[in-house]
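J.: Could you have a look at this structure, given as structure tokens, before my questions?
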Amino acid sequence: MLWLLGGILFGSIAGCAPLQQPKSISVASVETLTPDTTSNIQIKTIIQIPEKSFSRRSRLIIQPLLIQEDSIVEHFSPVVLDAPIWAKKIDRAERFSGQSDSLTPFARRVNPTHFIQIPYTASTSVPQNGKGGQVVAILSTYGCGACEIIDTVEMARISDVTSLLNPTQSFRLIWIEPQFVIRPKIVKGDGEALLRFPINRHNIDPALGKNREELTKMLSALQKIMEDSLASLANLTIEGMASADGPYDYNVVLARRRANAAKEWLIARLNLSPAQASLIQTGSRPEGWNPVLEAMKSDGHPDTLLLESILNRCAGENDDVAEHYIRKLSCWPEIRNRYLQKDRKVKYEYTCTIKSFSSDEEIRLMYDKRSETLNEEEMMRVTALQPTLETKIEVYKTMLHYFPQSSVAANNLAILLLQQKHPDEAWKIIAPLPNASPELLNTKAAILVQKNDHRKALEILKTIDSLPEVRYNLGLLLGANGCHEAAYMLLKEFETTDAALTALATNRNTEAASIMAINDDTSPRAEYVRALIAARQGNVPALLKHLSHAVSEECFLNRALSEADFIPYANRQDFIALIKEK
């Protein structure tokens, strides 16, 4: 050690001053230090040296050390106090013998007959091995050619109490349980049939082109609705289209007639009542020249740009204006014969209402028979009726199949998957959803915590700290990552065991005691925290009482053996007996 080398160097000049037992050298307060985000501790205390602690012919060396489990981890800068006669001998040795004193940079000259106070600060990085530790000062005096260790003074204790925080277990999730409200279920749909009509005619001939196939497809789509006992048609609109070429006004009338022909064809085959038939409306929609342009683009026709420029120039006009210029193109015969579509579209759009279900029995029955008829609220009710975690998960997966953008289903399903320790599967459920709600973002953070990515979890939580659950989780993560002051500010309102731990981490021992006094948590972890508080307050009966409950779990028994706050009690027979008993 540095001080020992200094003692050996000046052994020949020390003279024969007798070593004397010092009075009790101490520090102003022994605090329990908690490492910060970078595992650093900051020692800040005052070393108090009573008068006549060492003789006027000697040197007092105070060597602070970081100790873990009886092993020296680090030496801090020493405090070296030289009495007057010792200091003169050093001066003479340096002046006449050329000897140098390795402790000179640390030495100060004092009068040992006076009471001395030495402010002392130091910082270091504590190994992250969960062993806690102590900062002690080895006191030694040197005189009469001999060095003698005379005492050991405790300066600080190191205990990372926030390692008792467990974000994975304590993270507060936000389960969404919306109120079940019966509301109309409206379903919308649409489709089209590509029908071939004779030129300038509107009558439907199933044998023409692919008319029979197209009509059957349209009939099948609408028949499902009309024959569904749970569905009621609200309206059906059929729109016909006519070719872009020819007079616009004539084409509009022709398109409407074709829509009416499709309506009559459907009424006859769907066996609609007059009331149902009255729900069908017809109209017309000009087809325009854009289908022709797209077909020419697809073919790479050399005159595509010419046609496109005409359509751009005539935008906002009816088809007749554009047709006037298109017919003047040299490629008009090719357009007419090759790109004007032979089939005409008949488009249909419908709206229907699906029966709502009010009783749990109805909802459960319909989920088993026809889950597609349930709306999001009814699906949520089904999940609430499930008896097991596994069946709830299956219902939520079905719900997301029908309602893939449901943030409620995604949030709750992810929470259930987290409870089964499946964070990767939970992430796949949540990650694709845009515009996430605060509840969903909180669940995202929980997944990241379970995946041990605290940094990203903190980034998310800091954007949504308005919810109490989020503030709690943010405090929990900050505490677990060494931001003790910020963690306590967030957690103190909740008065939980986690809040008490962050109070201890900031040496708010009284506040920690107040929190645990009203906290009804009786888990071994909570009892261990109460034991820590009692240790800091010097309350031995409370320490032994709470520790006896805590060490029923092996992890707390093992921790107690090296807990810094228990060091002052480690040699007590009742403490030793308690540990041995367990």
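J.: Here is a list of conditions, (1) assigned to a helix (DSSP H, G or I); (2) modelled with pLDDT under 90; (3) of a type in the set (Ser, Thr, Tyr), and Ser356 meets all of them except one; can you say which number that is?
T.: Unmet condition: (1).
J.: Only residues that are surrounded by 13 or more Cβ atoms within 10 Å (Cβ to Cβ), modelled with pLDDT of 90 or more and either closer than 17 Å to Ser77 by Cβ or β-branched (Val, Ile, Thr) (or both): list them for segment 17-45, please.
T.: Matches in segment 17-45: Ile25, Val27, Ile43, Lys44, Thr45.
J.: Could you give me the residue pairs with C-beta distances under 7 Å whose first residue belongs to segment 29-52 and is closer than 20 Å to Ile67 by Cβ and in contact (Cβ under 8 Å) with a residue 24 or more places away in the chain, whose second residue is acidic (Asp, Glu) and part of a loop (DSSP other than H, G, I, E, B) wherever it lies, and which are 6+ apart or on separate chains?
T.: Taking only residues 6 or more apart or on different chains, the pairs are Thr34/Asp160; Pro35/Asp160.
J.: If Ala295 passes every condition in (1) under 30 Å from Phe403 (Cβ atoms); (2) in a helix (DSSP H, G or I) but one, which one does it miss?
T.: Evaluating Ala295 over (1) under 30 Å from Phe403 (Cβ atoms); (2) in a helix (DSSP H, G or I) leaves (1) as the failure.
J.: I've got another one for you. Counting only residues that are buried (at least 18 other Cβ atoms within 10 Å of the Cβ) and within 18 Å of Leu215 (Cα to Cα), which one in segment 271-291 is farthest from the chain's Cα centre (by Cα)?
T.: Going through the qualifying residues, I end up with Leu272.
Yes/no matrix, rows are residues, columns are (1) out of contact with any Ser or Thr (no Cβ under 9 Å at 6 or more places or on another chain); (2) surrounded by fewer than 15 Cβ atoms within 10 Å (Cβ to Cβ):
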position: Tyr339; (1), (2): yes, no
position: Arg344; (1), (2): no, no
position: Tyr348; (1), (2): no, no
position: Phe357; (1), (2): no, no
position: Asp360; (1), (2): yes, yes
position: Met379; (1), (2): no, no
position: Glu394; (1), (2): yes, yes
position: Gln420; (1), (2): yes, yes
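J.: Among the candidates Lys444, Lys451, which residue alone is out of contact with any Cys (no Cβ under 7 Å at 6 or more places or on another chain), over 22 Å from Asp36 (Cα atoms) and crowded, with 19+ Cβ neighbours inside 10 Å?
T.: Lys444
J.: Now for a separate question. With out of contact with any strand residue (DSSP E or B) (no Cβ under 8 Å at 6 or more places or on another chain), basic (Lys, Arg) and not in a helix (DSSP H, G or I) as the only criterion, which of Lys421, Lys428 stands out?
T.: Lys421
J.: Moving on to the next point. I want to confirm something. Restricting to segment 92-108 and keeping residues that are surrounded by 13 or more Cβ atoms within 10 Å (Cβ to Cβ) and not small (Gly, Ala, Ser), which single residue is nearest to the chain's Cα centre (by Cα)?
T.: Phe106
J.: Six or more apart or on different chains, Cβ atoms under 6 Å: show the pairs whose first residue is in segment 150-175 and within 19 Å of Val470 (Cβ to Cβ) and in contact (Cβ under 8 Å) with a residue 12 or more places away in the chain and whose second is outside any loop (DSSP other than H, G, I, E, B) and hydroxyl-bearing (Ser, Thr, Tyr).
T.: Arg172/Tyr472
The values are calculated or read from the model by the stated rules, or taken from the named source; none is laboratory data. Every value quoted in this text rests on a predicted model; they were computed, and no experiment measured them. With ideal geometry, Cβ positions are generated from the backbone for all residues, glycine too; neighbour counts draw on all protein chains shown.
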